[in-house]
Amino acid sequence: MTLQAYEAIVYDLDGTLVHLDVDWEEVRRAVAAVLRARGVDVDGADLWAMLELSDETGYRRRVEETIAEFEREGARTSRRLPLSRTVPADRPVAVCSLNSEAACRIALETYGLDGSVDVVVGRDSVATEKPDPEPLLAAVDGLGARPADALFVGDSERDEVTARRAGTEYVYAREFPCAE
């Protein structure tokens, strides 16, 4: 794989460039408490299911605020991953993440990557989240590139599905050149 073949590079954030210091089970409990306090049955629901429930019940904003609070703090105390040291300076770069846009920006700023990333699309930047292609397409479009000329670098099957649906190439972070 040669990066020169791509006009633009889009990275996932958590697990790709940084590791957010977030206890996701604690987040799940906090979100469950928010929804239960509003009479929503969350028994057996994981965090993603509760996020969907929050849409259905009209509490998405409050749930987003709860999750984003944990993510912002986790971004401040995140751990930089080796791949973040290889972000190219010679082409447009974006971040497309399931994390809140604010948390992405905090993590990028924490490690001095904010000057290398032209576009940030978080879970709350557009109407849908990965694996829907909309966030990745918004990132690619924000870079002025075509999906066929962009590479998405991520760490999950969800990222891979997102790339396929958006019409971009995909590579797992662990297989990315210079990812050691």
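Being out of contact with any strand residue (DSSP E or B) (no Cβ under 6 Å at 6 or more places or on another chain), of a type outside the set (S, T, Y) and either assigned to a loop (DSSP other than H, G, I, E, B) or closer than 20 Å to R174 by Cβ (or both) is a description that does not apply to D55.
Outside the structural domain of I106 (by TED's automatic domain parsing), loosely packed, with under 15 Cβ neighbours inside 10 Å and more than 18 Å from S125 (Cβ to Cβ): which single residue out of R61, R29 fits that description?
Step by step, each of R61, R29 is checked, and only R29 is outside the structural domain of I106 (by TED's automatic domain parsing), loosely packed, with under 15 Cβ neighbours inside 10 Å and more than 18 Å from S125 (Cβ to Cβ).
Listed by position, the helices (runs of 4 or more DSSP H) enclosed by the range 65-180 that each have at least 2 residues that are touching a Gly at 6+ places or on another chain (Cβ under 8 Å), of a type in the set (G, A, S) and closer than 23 Å to D21 by Cα are 101-110. Take the conditions in contact with a helix residue (DSSP H, G or I) (Cβ under 7 Å, 6 or more places away or on another chain), at pLDDT 95 or above and not assigned by TED's automatic domain parsing to the domain that holds G142 and apply them to V10. Does it pass? Taking the combined requirement at face value, the residue does not satisfy it.
The values are calculated or read from the model by the stated rules, or taken from the named source; none is laboratory data. The shown structure was predicted, so the numbers you read here are calculated from the model rather than taken from an experiment. Positions of Cβ are backbone-derived with ideal geometry, glycine not excepted, and every protein chain shown enters the neighbour counts.
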